[in-house]
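Asks: Below you will find the structure I want to go over with you.
The values are calculated or read from the model by the stated rules, or taken from the named source; none is laboratory data. Computed from a predicted model, the values in this text were never measured in an experiment. Here the Cβ positions follow ideal geometry from the backbone for every residue, glycine too, while neighbour counts run over all protein chains shown. Ligands, DNA and RNA are excluded from the accessible area calculation, which covers all protein heavy atoms including side chains. Shrake-Rupley method; radii C 1.70, N 1.55, O 1.52, S 1.80 Å.
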Amino acid sequence: MGIVMFVDETTSGSRSDGWGLEIAEERLAVRELIRRRVFQEVAEYNARTPAVFQGLVQPEDTERVLNGYALRTPRRIDPETQTELALKAFAGNGFLVLVGDRQVTELDEEIDLVLGTEVTFLKLVPLVGG
Amino acid sequence: MGHVQRYKDLIRQRTADGDLEELAVDLLKAAVTNKGNWTGLWDGVLARLLELPPEARARVADGLVTQYHSEQAGPNARENALILLGIVSRGLPPHDRLTAERLSLLDKISRQHSFWYGARYENLIEAELAAGRPIAPAVVATVRRSVLHAYQNEDLPRTAKKLTEPPLNVGEQWAEAALRETGTAWRELLAHTATATAAKPSAKWDQQASALVGPLGADHVRETVLPWLALAGRPRTFELERGPYEPDINSAYDPYNANALRGLAWLLSLLPPHPDTARALGALVETSLKKVAGLGPRNPKVANAGVNALARIDSEAALAELARLATRVTYKNTAKLLDAALETRAVALGLSREEIEELAVPAYGLTEVGRAERRLGEATALLEVQGSRAVLTWTSASGKPVRSVPAAVRRDQAEELKELKAAVKDIDKMLSAQSERLDRQFLADRTWSYAIWRERYLDHPLVGTLARRLLWTVDGTTSGYAEGSLRTLTDEPLTEGTEVRLWHPVDHSPAEIVAWRDWLERHGITQPFKQAHREVYLLTDAERTTGTYSNRFAAHVLRQHQFHSLAAARGWRNKLRLAVDDEAPPPSRDLPRWGLRAEYWIEGDGGADYSDITDSGTFLRLRTDQVRFYPIDAPENSAHCAGGEYHMWLRDGADPVDPLPLTDIPPLVLSEVLRDVDLFVGVASIGNDPTWQDGGPGGRFQEYWTSYGFGELNQSAETRRLLLDRLIPRLAIADRCTLEGRFLHVKGDRHTYKIHLGSGNILRTPNDQYLCIVPKSNPATPQSGYLPYEGDRMLAVILSKAMMLAADTKITDPTILSQL
């Protein structure tokens, strides 16, 4: 058991301090790691239901605003649905996950979570031809 | 109107009552009422005043002096008193009322550019003349300038006519040199040049000018006048006071002297032709078209006179100068004149306009391509074109190279040396003009017969230095010049052919383009302009979808004035957008060879409260929209200057002409037009100006600014670079990425790409083909990942592009696939 640090690396040069999440297992699949993160941030949101949701992926029926997504009507977010969205986004290059100094690309890849492991999420943008 | 009648009545009444000193007070009150503007019906009041007998007027004059000195008189009242004094004392015996005060007011006037005729300052001059004193040259200059806009007024011009000395206005270096260097014999000639107020000289004007030149001697006149022209446009000898909202009058020509300059240009064309004359007139045209703040081109009238003069001179040097100017001048009126002059010459010789431009390139004494040797006494001068510059080197009598001009040459061959140095300058200028002309040949789509092409291009002593560094298509085979001969890619000599074209990369495969780049490198050839490395813009699928327009360069914010001059330099027609209720056509470029017209749609952007405009009401910035093509003879589109849709307003219920499908546009034309537009955006966009970090007025361009970057990396791009440097080794695609200079190079399976760290634009290597991939503006699915911060969106874009391109075989988006 140990604390895994989730770091959202800002592309403007600074890093967020990160937040810790207690994880009992020593090895975990990437899929499960993402699920834990999403569950945690949804749980925190649902506890307070602020106007803006700050999470890994945009919930359905929300508007993008500065620093998050605004819910048209205040409601609870379903962690399962949100996890589905996050996994889909990962598969579609919506964001990158770095564990330690290595990018993980497969959802089923098992990773070793030694003490103080840092998991970094990097946002990407969808592209089309012009 | 009631006022006017009241003062007329007052004059009668005061005269009858003998209260003439009192009348002075009334007149000053009248001046307050009409704000010192004695025009229109107020003329009648002055006339009434002048009808009074001299002794009565003398008493009014005394009254004015009293009022001038009275305690309650402010500066305005004093000025009015001085002017009224001038009026009432007309024809009175000489007196010394307020003389010093008048002189000081005149001194003040002499520092102004001009005054309005309603101010009646001519009365001050008249008073001075009546006192028998000469008028200071600076005052004369102001009066003359003022006369040029004294409409429907006779008093001021009448007074100005009395001021015949000096023949030119003081204050400009060239005019003062002319006044200093010439004696009485020249006065009449100089005065005659100042009468050049028409667009073209009349036969009578020419006749008179020739008659005046006669006794002075044509050569003497030319040698005296040419150095003056070189001084035109230099800083004034004394500055004029510039009022608010006034253009930069100190950089403008003195309008009175401008007529004289025009006259001098005409005069020169009446003298026997001389290379120096052509050179000086060409320089005058360029100086006169330099832009002045708040005014635009300094003085198109003088520039046009220079062109007219060159057109009248029947010499090779003059023709060459016209051809050179035709490639440099972008000011529309002057460009039209140049065009007409060359056309006339072409018709006279039975040639096409293009041919006359080709034939007009002189060799300037070069005996072989880019080289000439001249013996001057014991020494030898070697004139050589190196790159795009002419260089002069010397060898002494003993055959040793020497650094500077040998003393013996300086002493004994001063004349020849001067000529040689002038040739060096001419060659420099002509090289850049020719390089620009050749660059324009891509869209002219010219073909030459082999023999003519060799003579006018490859083997031409001057043009050859450029042509031998370019690639040509001879009967379908690409060839370049190396090691004394025209060669193919495999270095086989190519000695003959029938038809030659200028090579353009759009017609060739990337492999071939790269092979030629290697070839140029191998032979150490630097091209005079981008040819082998020219950016190619191919039609994208998005453009196939939009059909009749390209959105590739839409939604940029450009600095209007910079865009305007760039557009003119690339042969586009454009009108500056003013913040007025008017319509204007879009910037457009005619492509007569193709029967097409390209349009780039723009609109003015002055901000919500129209604060982003210049003093003259011109928008500082533009927003951009589509690029479209129309048949060249389609009616003009137009849109409101401040924005709104472009449309064709047609008479008689005619249907508007539809834009042409982009698929119908020849790839070469599309590529060259989009290259122009990319240049406009690349250079004039506010996005590449580091001073816009704050997002401009009210920060409203912040987002645009941050999302944009071109050219050198700005600070944020440098930071991005450092970040990528740290990030890339950790990514799964690390082995496919390298950071080099301003680009992130990404090796895909199909191609290698480079992504600009500033703008995120992608070029496909090695042929620099622009790859259009943009962020999806409105993602339908929530797949856009989000992290709880607002970071550097551009880095995300670059990373996303790198990820996508590293696995370019997995791309499914058809609009991207079609570009690969």
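Asks: Which far-off residues, 5 or more places away or on another chain, put their amide H under 5 Å from the one on B:Arg487, with H placed in the peptide plane?
Replies: B:Gly480, B:Tyr481, B:Ala482, B:Leu494
Asks: Which chymotrypsin sites (Phe, Trp or Tyr not before Pro) does the range B:128-231 hold that lie in a coil by DSSP with at most 15 other beta carbons within 10 Å?
Replies: Numbers: sites: B:Tyr151, B:Trp174, B:Trp186, B:Trp205, B:Trp228; in loops: B:Tyr151.
Answer by residue number: B:Tyr151.
Asks: About the Cα centre, and with charges only on the beta carbon of Lys, Arg (+1) and Asp, Glu (-1), how big is the dipole of the range B:180-245? Nearest 20 debye, please. Each step should come with its number before you reach the end.
Replies: Numbers: 8 positive and 7 negative charges, 34 e Å.
Result for the range B:180-245 is approximately 160 debye, rounded to the nearest 20.
Asks: Still on this model: Would you pull out the residues with amide H under 5 Å of B:Arg621's amide H, same chain only if 5 or more places away, H placed 1.01 Å from N?
Replies: Excluding prolines and chain starts, which carry no amide H, the hits are B:Gln560, B:Asp605.
Asks: Please compute the per residue accessible area over the range B:376-451 with all protein chains in place, 1.4 Å probe, rounded to a whole number of Å². Working shown, then result.
Replies: On the way: 3920 Å² over 76 residues.
That works out to 52 Å² per residue.
Asks: If we count every other residue with Cβ under 9 angstrom of B:Leu763's Cβ, Lys/Arg +1 and Asp/Glu -1, where does the sum land?
Replies: Values: positive: B:Lys754, B:Arg764; negative: B:Glu535, B:Asp768.
After counting each charged neighbour, the total is 0.
Asks: Checking the cross-link filter: which aspartates and glutamates have an alpha carbon closer than 15 Å to that of B:Lys8, excluding same-chain neighbours under 8 positions apart?
Replies: By straight Cα distance, B:Lys8 reaches B:Asp17, B:Asp19, B:Glu22, B:Asp26, B:Asp43, B:Glu51.
Asks: Against the longest principal axis of chain B, how steep is helix B:300-312, in degrees 0 to 90 to the nearest 10, with axes from Cα atoms?
Replies: 70 degrees
Asks: Ok, one more. By the gyration tensor of its Cα atoms, with a ≥ b ≥ c the square roots of the eigenvalues, what is the shape of the protein assembly as shown: rounded for a/c under 1.5, prolate for a/b over b/c, or oblate? If you can, show how the numbers build up before the last one.
Replies: Numbers: a/c = 2.70, a/b = 1.48, b/c = 1.82.
Since a/c reaches 1.5 but b/c is at least a/b, the shape of the protein assembly as shown is classed as oblate.
Asks: Now a separate question. Specify the inter-centroid distance of the range B:471-489 and the range B:387-456, based on alpha-carbon positions, in whole Å.
Replies: Using only Cα atoms, the two centres lie 24 Å from each other.
Asks: Would you pull out the residues with amide H under 5 Å of B:Leu596's amide H, same chain only if 5 or more places away, H placed 1.01 Å from N?
Replies: B:Leu591, B:Ile632
Asks: Using θ = phi - 60° and the Karplus form 6.51 cos²θ - 1.76 cosθ + 1.60, what ³J(HN,Hα) does each residue of the range A:97-102 get, whole Hz, x for Gly and Pro?
Replies: Once θ is set to phi - 60°, the couplings for the range A:97-102 become 10, 10, 10, x, 9, 10 Hz.
Asks: How far is it, in nm, from the label point at B:Ala340 to the one at B:Arg236 when both lie 7 Å from their Cα along the line to the Cβ?
Replies: 3.2 nm
Asks: Hey, another quick one. Can you tell me the orientation of helix B:20-33 relative to chain B, as the angle in degrees between its alpha-carbon axis and the longest Cα principal axis, to the nearest 10?
Replies: Value to nearest ten degrees: 20.
Asks: Loop only by DSSP, 14 or fewer other Cβ within 10 Å of the Cβ. Give me the trypsin sites (Lys or Arg not before Pro) in the range B:254-360 that pass, ordered by residue number.
Replies: Working: sites: B:Arg262, B:Arg279, B:Lys290, B:Lys291, B:Arg298, B:Lys301, B:Arg312, B:Arg324, B:Arg328, B:Lys332, B:Lys336, B:Arg345, B:Arg353; in loops: B:Lys290, B:Arg298.
Qualifying residues, ordered by number: B:Lys290.
Asks: Taking loop as defined by DSSP and a crowding limit of 16 other beta carbons within 10 Å, which GluC sites (Glu not before Pro) in the range A:71-130 fit?
Replies: Numbers: sites: A:Glu80, A:Glu84, A:Glu106, A:Glu109, A:Glu110, A:Glu118; in loops: A:Glu106, A:Glu109.
Filter output for the range A:71-130: A:Glu106, A:Glu109.
Asks: Moving to a separate point now. Between rounded, prolate and oblate, where does the range B:186-289 land on the alpha carbon gyration tensor, with a ≥ b ≥ c its root eigenvalues, rounded for a/c under 1.5, else prolate if a/b exceeds b/c?
Replies: Working: a/c = 2.16, a/b = 1.72, b/c = 1.25.
It comes out prolate by the Cα gyration axes.
Asks: Name the residue from B:Ala423, B:Thr495, B:Leu271 whose Cα lies farthest towards the positive end of the charge dipole of chain B, charges +1 on Cβ of Lys and Arg and -1 on Cβ of Asp and Glu.
Replies: My answer, from the dipole projection, is B:Ala423.
Asks: Sequence gap at least 6, Cα distance under 8 Å: using those rules, report the relative contact order of chain B to the nearest whole percent.
Replies: Values: 1249 pairs, mean separation 48.2, N = 820.
So the answer I get is 6 percent.
Asks: While we're looking at this one, here's another question. Note down the net charge around B:Tyr450, summing +1 for each Lys or Arg and -1 for each Asp or Glu among other residues with Cβ under 9 Å from its Cβ.
Replies: Details: positive: B:Arg454; negative: B:Asp475, B:Glu496, B:Glu499.
With Lys, Arg at +1 and Asp, Glu at -1, the neighbours total -2.
Asks: Give, as a single signed number, the net charge of other residues whose beta carbon lies under 12 Å from the beta carbon of B:Glu176, with Lys and Arg counted +1 and Asp and Glu -1. Please report the intermediate quantities before stating the final value.
Replies: Working: positive: B:Arg180, B:Arg234, B:Arg236; negative: B:Glu172, B:Glu181, B:Asp254.
Within the 12 Å Cβ shell, the charges total 0.
Asks: For chain B, what does -39500 (n - 2.57) per DSSP helix run (n ≥ 4), summed and divided by total residues, give at 222 nm, in deg cm²/dmol to the nearest 500? Working shown, then result.
Replies: Details: 31 runs with 361 residues, N = 820.
Helix-only estimate at 222 nm: -13500 deg cm²/dmol.
Asks: Given B:Lys200/B:Lys336; B:Lys332/B:Lys421; A:Lys123/B:Lys810; B:Lys301/B:Lys332; B:Lys336/B:Lys421; B:Lys332/B:Lys425, which pairs have Cα atoms separated by over 23 Å? Write down the numbers at each step before the final one.
Replies: Details: B:Lys200/B:Lys336 15 Å; B:Lys332/B:Lys421 32 Å; A:Lys123/B:Lys810 20 Å; B:Lys301/B:Lys332 12 Å; B:Lys336/B:Lys421 32 Å; B:Lys332/B:Lys425 27 Å.
Pairs exceeding the cut-off: B:Lys332/B:Lys421; B:Lys336/B:Lys421; B:Lys332/B:Lys425.
Asks: Oh, and also: Assign unit charges at the C-beta atoms only (+1 for Lys and Arg, -1 for Asp and Glu), then state the dipole size of the range B:247-291 relative to its Cα centre in Debye, rounded to the nearest 20.
Replies: On the way: 4 positive and 4 negative charges, 18 e Å.
Dipole magnitude for the range B:247-291 comes out near 80 debye.
Asks: Further question: Can you give the FRET efficiency for B:Glu645 and B:Asp507, using 1/(1 + (r/R0)^6), R0 = 35 Å, r = Cβ-Cβ distance, to the nearest 0.05? Walk me through the numbers on the way to the answer.
Replies: On the way: r = 36 Å, r/R0 = 1.04.
The computed FRET efficiency comes out at 0.45.
Asks: Could you work out how far helix B:99-110 tilts from the main Cα principal axis of chain B, as a 0 to 90 degree angle to the nearest 10?
Replies: With rounding to tens, the tilt is 20 degrees.
Asks: Counting only protein heavy atoms, what percent of the accessible surface of the protein assembly as shown is carbon or sulfur at a 1.4 Å probe? Kindly include the intermediate steps, with their values, before the conclusion.
Replies: Values: 22020 of 42900 Å².
The computed percentage sits at 51.
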